[in-house]
Amino acid sequence: MRLDCISCYHAPLLAIVYLFCFLFTSSVNGWHPWHNQKHIATDFLVGSSKKYEGSSEFVHLRYHMGPVLSENIIVYPIWYGKWDRTQKRIIRDFIISISSINTKLPSVSGWWKTVQLYTDQTGANISRTVHLGQEKSIRFYSLGRSLTRLTVQTVIKTAITARTKPLPVNSKSGVYLVLTSDDVYVQDFCDNVCGFHYFTFPSIVGYTVPYAWIGNSGKMCPGMCDYPFVIPEYIPGLKPVKSPNGDVGVDGMMSVIGHEIAEVATNPLINAWYAGQDPVFPVEIADLCQGIYGTGGGGSYPGQMLKGKDGATYNMNGVRRRFLVQWLWNHFFNYCTGPNALHH
């Protein structure tokens with residue numbers, strides 16, 4: 001008998017139940033850039049029509065009655081390992097940009113409008129507002145430089161139980177973003193996983209809160225997670241593009257961070273919006289648009305992007321800077337959308 005994690009969530013909060021659930025299922029592997037690898041392939045879902053990127057009448061992203069993040073979302077970054085000020089600034093600016101209405105088009109806030117289309121059973125849309133919350137730095141690798149998926153949750157426990165300036169516990173609208181530096185390995189990192197999201201177990205953290213982990217892959221596997229700033233060896237003929245903020249590892253993280261925040265908002269407890277029959281391996285709103293950054297994107301072609309005077313490639317503007325972030329699935333029209341779409 002398979003015990004899935006949705007039934008785990010509604011079961012009595014016993015440590016053994018959560019451990020069983022975690023060890024025999026997996027966190028949602030929210031980002032793997034190539035469709036033809038081990039985890040769920042979405043190629044079979046995507047029809048041959050190229051009128052819209054990834055469009056298909058065969059994709060059925062369904063609502064499974066779980067909660068979505070309809071109240072003002074607060075993102076709490078947890079910096080694990082060594083991060084410099086510039087790197088932190090790039091990531092903070094992206095989070096702030098989600099709700100910024102004064103940025104030049106195409107904008108990050110325009111990208112978030114696709115997420116806002118999703119609702120819960122009461123008809124409440126996902127919040128337009130995403131705030132940058134309190135932050136916590138864990139500089140001295142207190143849990144080591146090699147983390148399992150379970151110790152990622154322990155990182156969150158460390159942040160919310162710290163003696164000085166602990167992060168608040170916000171189970172209703174909080175998203176805890178565990179960001180590991182380029183010298184930290186996390187279980188399955190670089191093996192088709194650049195980030196994942198899930199919810200914490202009370203047996204480990206003391207509370208159930210949605211969280212995501214994203215690693216800086218700049219040193220470990222840039223060809224895996226920093227596309228198209230780095231091109232993998234198995235795709236011959238493509239040239240890498242220049243990253244918009246001068247840091248390939250962090251610029252590569254931006255699309256993964258966007259991917260994970262969008263999926264946490266629409267599927268925080270893995271029982272809301274996803275395609276497929278199996279909640280343990282759901283296909284979510286960002287999975288369906290992996291590797292698509294502009295009109296015409298698909299396969300190994302990222303689509304039509306923008307190029308700045310400095311030669312940097314991007315597809316949306318944010319507060320103080322530009323970003324390259326993948327598109328998201330629009331369930332009303334059954335295709336991938338982004339703010340830089342070219343309308344014919």
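Going from the fewest other Cβ atoms within 10 Å to the most, the residues 177, 167 appear in the order 167, 177. In this structure, the amide hydrogen of residue 330, modeled 1.01 Å from its nitrogen in the peptide plane, lies closer than 5 angstrom to those of 335, 336, 337, counting only residues at least 5 positions away or on a different chain. On the beta carbon distance between residue 342 and residue 233, with R0 = 51 Å, the FRET formula returns roughly 0.95.
Note on segment 147-270: with charges restricted to the Cβ of Lys and Arg (+1) and Asp and Glu (-1), its dipole about the Cα centre is near 480 debye. Mark the label point 7 Å from the Cα of residue 85 along Cα→Cβ and return the residues of segment 124-139 whose backbone N is within less than 17 Å of it. Within reach of a label on residue 85, which here means backbone N under 17 Å from a point 7 Å along Cα→Cβ, segment 124-139 contributes 137.
Shape verdict for segment 117-237, please, from the Cα gyration tensor: rounded (a/c under 1.5), prolate (a/b greater than b/c) or oblate. Oblate is the answer for segment 117-237, as a/c is 1.5 or above yet b/c matches or exceeds a/b. Relative to the current alpha-carbon distance between residue 64 and residue 278, full extension at 0.36 nm per residue lengthens the span by 75.9 nm.
Using a simple spin-label model with pseudo-atoms 7 Å out from Cα toward Cβ, residue 162 and residue 71 lie 2.4 nm apart. Annotation: peptides 234-246, 293-305, ranked by per-residue average of other Cβ atoms within 10 Å with the highest first, follow the order 293-305, 234-246. Cβ crowding within 10 Å, taken as a proxy for footprinting-reagent exposure, orders 342, 61, 150 from fewest neighbours to most as 342, 150, 61. Put in order of Cβ neighbour count within 10 Å, fewest first, the listed residues 182, 251 become 182, 251. Compared with the alpha-carbon gap, the fully stretched path from residue 139 to residue 320 is longer by 62.5 nm at 0.36 nm per residue.
In this structure the amide hydrogen of residue 298, modeled in the peptide plane, comes within under 5 Å of the amide hydrogens of 303, none closer than 5 places in sequence on its chain. Does segment 217-344 come out rounded, prolate or oblate by the C-alpha gyration tensor, with a ≥ b ≥ c the root eigenvalues, rounded set by a/c under 1.5 and, if not, prolate when a/b is larger than b/c and oblate if not? Since a/c reaches 1.5 and a/b is larger than b/c, the shape of segment 217-344 is classed as prolate.
If you plug the beta carbon distance of residue 192 and residue 304 into 1/(1 + (r/R0)^6) with R0 = 25 Å, you get a FRET efficiency near 0.40.
Each value in this text was obtained by applying a stated rule to the coordinates, not by laboratory testing. Predicted model only: the values in this text are computed from it and were never measured. All Cβ positions, even for glycine, are placed from backbone atoms using ideal geometry, and neighbour counts span all protein chains on display.
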